Amino acid sequence: MATLQKIRSKGPLLVIVIGVALFAFIAGDAWRVFQPHQSQDVGEVNGDAISAQDYQKLLEEYTEVLKLSNGLNSLTDEQNNQVKDEVWRSYVNGKLVEDEAEKLGLTVSDEEIKAIINQGTHPILRNTPFANPQTGMFDRDVLMKFLADYAKMSKSQLPAQYMEYYQTMYNFWTFLEKTLRQTRLQEKYQALIAQALLTNPVEVQNSFDGRTKQTDMMLAAIPYSSIPDSTIQVSDEELQAAYDKKKERYRQYAESRSIRYIDVQVTASDADKAALQKEMDEYTVQLADTKGDYASFIRSTGSTYPYTDLYYTTRALPADVVARLDSVATGDVFGPYYNAMDNTLNSFKKLSVASMPDSVQFRMIQVVAETPDKTKTLADSIYNAIKGGADFTALAQKYGQTGEANWISSTNYEGAQLEGDNLKYLQTVTSLKPKELTNLALAQANVILEVTDRKATKEKYKVAVIKRPIEFSKETYNKAYNDFSQFIADNNTLDKLVDNAEEAGYRLLSNTDLYSSEHGIGGIADTKEALRWAFQAEVGDVSGLYECGENDHLMVVGLAGIMPEGYRPLVLAKNELRREIIREKKGDKIIADMKAANLTTFDQYKGMENAVSDSVKHVTFGAQAYVSALRSSEPVVSAYASAGKANTLSAPLKGTAGVMVLQPYAEEKLNETFDQKAEQQRVESMYASIARQFLNDLYLKANVKDKRYLFF
């Protein structure tokens with residue numbers, strides 16, 4: 001079981017390389033359970049559908065592996081959504097490559113997998129439980145021994161906990177092996193694409209020159225902003241021509257919806273605030289009178305910050321409390337006061353302050369016998385023996401323990417829920433002096449404790465804090481619900497919703513590109529039902545009332561439009577195209593003015609009205625140049641660095657933010673020796689990244705349908 005514990009204790013997420021990307025799956029086990037009659041598909045790739053049940057199995061498979069890897073028990077909604085997206089992307093990418101590989105005859109043999117395992121260096125094999133204890137690296141022999149043990153074990157004779165352990169580990173390995181096979185296939189496909197993009201000596205030399213040749217140049221430019229947009233006319237015909245030319249830019253590969261919606265966040269009323277203020281006033285008086293058992297008292301107040309009878313550093317206390325600590329004498333109470341950062345009313349009592357070590361080194365011997373009396377007798381015997389001069393480590397080893405000293409610091413326990421034996425144990429460890437020995441009686445055992453060292457002395461505090469969020473009452477929520485419900489009933493069409501929202505005191509919000517692959521509306525939790533409604537409604541429909549958020553939001557949605565898969569219409573591209581046409585026309589006008597002025601020298605261009613100038617240094621063809629005078633990256637400057645001649649003025653050039661002329665005045669080479677092999681590898685590496693982009697092209701051609709929103 002030690003191996004299982006080891007992988008459960010690992011901190012970083014298990015990283016699994018699948019195909020072209022590094023997929024980090026974060027997972028949990030709170031998935032929707034499907035009923036047997038639900039056989040609908042959640043999506044398809046190249047016409048092949050995946051059922052809800054099969055997708056659920058993939059989620060569960062990744063979930064169990066990652067729960068094992070990271071010791072996770074539960075996840076936030078955001079993490080669960082991330083898992084669903086990553087699992088879907090992994091599935092789609094795998095299908096895309098599998099389909100192409102089948103056409104090409106690409107396969108991954110068992111011998112290849114064995115060779116990868118024997119080599120043991122593939123990224124997927126890192127951070128697995130099948131590692132050499134000394135090196136921490138993947139060890140084929142450890143894996144082979146486990147598989148042999150698993151094959152020979154008797155499921156009927158082994159205890160259930162051992163069976164669970166072996167089965168969990170075996171499932172982990174089968175997942176890893178499957179992932180390794182999928183990854184290898186994608187690597188081979190990418191290599192095939194990359195090798196098709198061959199390099200040659202001329203290209204390699206040009207690549208080297210583009211990286212190492214640096215040019216300093218002077219720049220004079222007329223910014224486009226010097227010409228008011230209002231002076232440039234753009235006709236409908238020009239917009240249409242620009243749209244036709246750039247139509248592929250406006251290709252939409254999945255249907256989207258345009259919605260109008262109202263989100264009502266329920267907040268505390270004045271009456272709710274007054275009631276809480278009254279409670280806090282009473283609790284503050286009681287806090288001042290309380291002399292002991294602060295844990296029970298603070299619990300009775302409903303405080304979100306519990307009291308633990310330990311000295312804590314200020315980093316463990318609420319920031320608003322820390323900010324006021326110095327203004328309060330020991331034994332005094334501060335509050336009630338409002339903290340806007342977490343919307344709470346607060347009071348606290350500064351119980352005591354002590355200068356204490358932040359880190360304590362200690363060693364221990366755990367003592368357990370058949371009965372509590374025998375445990376006490378044995379513990380007393382060990383304690384007295386050590387007090388009498390017996391060797392601590394030798395006695396620990398006698399009872400099957402190491403007796404090694406360990407360090408504990410406040411960061412190990414501050415913020416944790418501590419009570420009972422855990423609290424008693426920490427109180428003892430943190431209060432003992434160096435070389436002090438104690439026999440600590442706990443519920444299930446005795447512990448012989450000795451502190452061996454202490455360090456990092458800090459100011460620590462015991463503070464009893466009452467922190468109460470300002471929350472709405474049930475009556476306040478019911479009133480908001482009833483008022484909003486009545487508004488929806490009276491405005492059950494989109495036109496009415498739009499016309500009357502503001503008058504009724506509601507803010508109407510818009511989302512013009514809502515996709516089914518999203519996990520909700522407006523970034524508000526628990527709005528998946530509203531999302532499903534939006535993709536099943538007709539234009540003009542208004543939904544019912546949705547209760548969402550953290551039980552503090554109310555929502556209504558109206559469907560304003562449907563944008564089908566295909567090309568977005570010109571009306572939605574007009575603004576972007578108009579800006580581009582205006583910029584192009586400004587460029588033409590500036591160039592025409594320059595030519596009309598018959599300018600021939602850099603100083604003449606620099607002296608033009610509205611001109612800006614700059615000196616751009618160390619420009620290479622391999623990197624975009626940033627021009628401070630234009631506050632813009634200008635690719636044309638980088639391009640000219642490879643073609644311009646020293647002390648020769650360029651013609652006017654249209655850039656991103658203005659029309660410019662360039663005059664190189666200095667050139668140098670980086671102190672780097674040309675290595676054809678190394679440079680060729682650099683170019684091929686660039687091609688490898690191009691090969692990875694082929695997945696995007698495959699995706700666009702695969703007619704991928706994502707209907708997960710209907711189920712997850």
Taking the stretch 308-344 and keeping only residues that are in contact (Cβ under 8 Å) with a residue 24 or more places away in the chain, assigned to a loop (DSSP other than H, G, I, E, B), over 13 Å from Lys460 (Cβ atoms) and open to solvent by less than 40 Å² (accessible area, probe 1.4 Å), one is left with Pro318
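Each row is one residue, and each column tells you yes or no for (1) open to solvent by 40 Å² or more (accessible area, probe 1.4 Å); (2) at pLDDT below 85; (3) on the phi > 0 side of the Ramachandran plot.
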| site | (1), (2), (3) |
| --- | --- |
| Thr63 | no, yes, no |
| Glu78 | yes, yes, no |
| Leu96 | no, no, no |
| Val108 | no, no, no |
| Gln119 | yes, no, no |
Apart from one, (1) hydroxyl-bearing (Ser, Thr, Tyr); (2) outside any strand (DSSP E or B); (3) without any contact (Cβ under 8 Å) to a residue 60 or more places away in the chain all hold for Ser633; the odd one out is (2)
Checked against (1) touching a residue at least 60 places away in the same chain (Cβ under 8 Å); (2) touching a helix residue (DSSP H, G or I) at 6+ places or on another chain (Cβ under 8 Å); (3) open to solvent by less than 50 Å² (accessible area, probe 1.4 Å), Thr212 satisfies every condition except (2)
Please tell me if Tyr626 is hydroxyl-bearing (Ser, Thr, Tyr), under 30 Å from Lys246 (Cβ atoms), touching an Asp or Glu at 6+ places or on another chain (Cβ under 9 Å) and open to solvent by 80 Å² or more (accessible area, probe 1.4 Å). yes
Note on Ala596: of the conditions (1) closer than 18 Å to Asp236 by Cβ; (2) exposed (fewer than 13 other Cβ atoms within 10 Å of the Cβ), unmet is (1)
Counting only residues in the stretch 281-301 that are open to solvent by 40 Å² or more (accessible area, probe 1.4 Å) and touching a residue at least 60 places away in the same chain (Cβ under 8 Å), the one farthest from the chain's Cα centre (by Cα) is identified as Ala288
Any residue at all in the stretch 179-190 that's farther than 30 Å from Leu104 by Cα and of a type in the set (Phe, Trp, Tyr)?
no
The correct count of residues that are open to solvent by 70 Å² or more (accessible area, probe 1.4 Å), farther than 30 Å from Phe602 by Cβ and assigned to a helix (DSSP H, G or I) in the stretch 222-261 is 9
Exercise. Return yes or no: is Arg708 basic (Lys, Arg), in contact with a Ser or Thr (Cβ under 9 Å, 6 or more places away or on another chain), surrounded by 12 or more Cβ atoms within 10 Å (Cβ to Cβ) and more than 26 Å from Phe208 (Cβ to Cβ)?
Key: yes
Here the residues within the stretch 532-548 that are surrounded by fewer than 20 Cβ atoms within 10 Å (Cβ to Cβ), touching a residue at least 40 places away in the same chain (Cβ under 8 Å) and in a helix (DSSP H, G or I) are Arg532
For Asp483, the lone unmet condition from (1) in a strand (DSSP E or B); (2) at pLDDT 90 or above is (1)
Per the list (1) in a loop (DSSP other than H, G, I, E, B); (2) open to solvent by less than 20 Å² (accessible area, probe 1.4 Å); (3) not hydroxyl-bearing (Ser, Thr, Tyr), residue check on Ala464 breaks on (1)
Quick check: is even one residue across the stretch 266-280 surrounded by fewer than 17 Cβ atoms within 10 Å (Cβ to Cβ), more than 39 Å from the chain's Cα centre (by Cα) and either closer than 30 Å to Arg578 by Cα or not hydrophobic (A, V, I, L, M, F, W, C) (or both)?
yes
task: Assess whether Thr179 counts as being closer than 30 Å to Met686 by Cβ, out of contact with any strand residue (DSSP E or B) (no Cβ under 9 Å at 6 or more places or on another chain), surrounded by 12 or more Cβ atoms within 10 Å (Cβ to Cβ) and hydroxyl-bearing (Ser, Thr, Tyr).
output: no
All conditions in (1) closer than 27 Å to Lys462 by Cα; (2) without any contact (Cβ under 8 Å) to a residue 40 or more places away in the chain are true of Pro372 except (1)
Taking first residues from the stretch 462-489 that are closer than 19 Å to Gly415 by Cβ and second residues anywhere that are of a type in the set (Lys, Arg) and buried (at least 20 other Cβ atoms within 10 Å of the Cβ), the pairs with Cβ under 9 Å that are 6 or more apart or on different chains are Lys462/Lys350; Val463/Lys349; Val463/Lys350; Ala464/Lys349; Ala464/Lys350; Val465/Lys349; Ile466/Lys349
Being under 29 Å from Asp236 (Cα atoms) and either among the hydrophobic types (A, V, I, L, M, F, W, C) or in contact (Cβ under 8 Å) with a residue 60 or more places away in the chain (or both) narrows Glu580, Glu576 down to just Glu580
From the option list Val204, Val285, Val264, single residue qualifying as at pLDDT 95 or above, in a helix (DSSP H, G or I) and of a type in the set (Val, Ile, Thr) is Val285
Within the stretch 133-161, residues being of a type outside the set (Gly, Ala, Ser) and modelled with pLDDT of 85 or more number 13
### Flag for Met169 being within 28 Å of the chain's Cα centre (by Cα), open to solvent by less than 60 Å² (accessible area, probe 1.4 Å) and modelled with pLDDT under 90
yes
Among (1) over 30 Å from Phe711 (Cβ atoms); (2) under 32 Å from the mean Cα position of the chain (by Cα); (3) buried (at least 16 other Cβ atoms within 10 Å of the Cβ), Glu576 falls short only on (3)
### Task
Check whether at least one residue in the stretch 681-694 is of a type in the set (Asp, Glu), modelled with pLDDT under 95 and in contact with a helix residue (DSSP H, G or I) (Cβ under 6 Å, 6 or more places away or on another chain), and report yes or no.
no
Over the stretch 649-694, the set of residues without any contact (Cβ under 8 Å) to a residue 40 or more places away in the chain, open to solvent by less than 60 Å² (accessible area, probe 1.4 Å) and closer than 29 Å to Pro201 by Cβ is Ala678, Ser689
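The values are calculated or read from the model by the stated rules, or taken from the named source; none is laboratory data. Keep in mind it's a predicted model, so treat the numbers as computed, not measured. Because the Cβ atoms are built from the backbone with ideal geometry, glycine has one as well, and the counts that use them run over all protein chains shown. These accessible areas exclude ligands, DNA and RNA; they are computed on the full protein's heavy atoms, side chains included. Shrake-Rupley method; radii C 1.70, N 1.55, O 1.52, S 1.80 Å.
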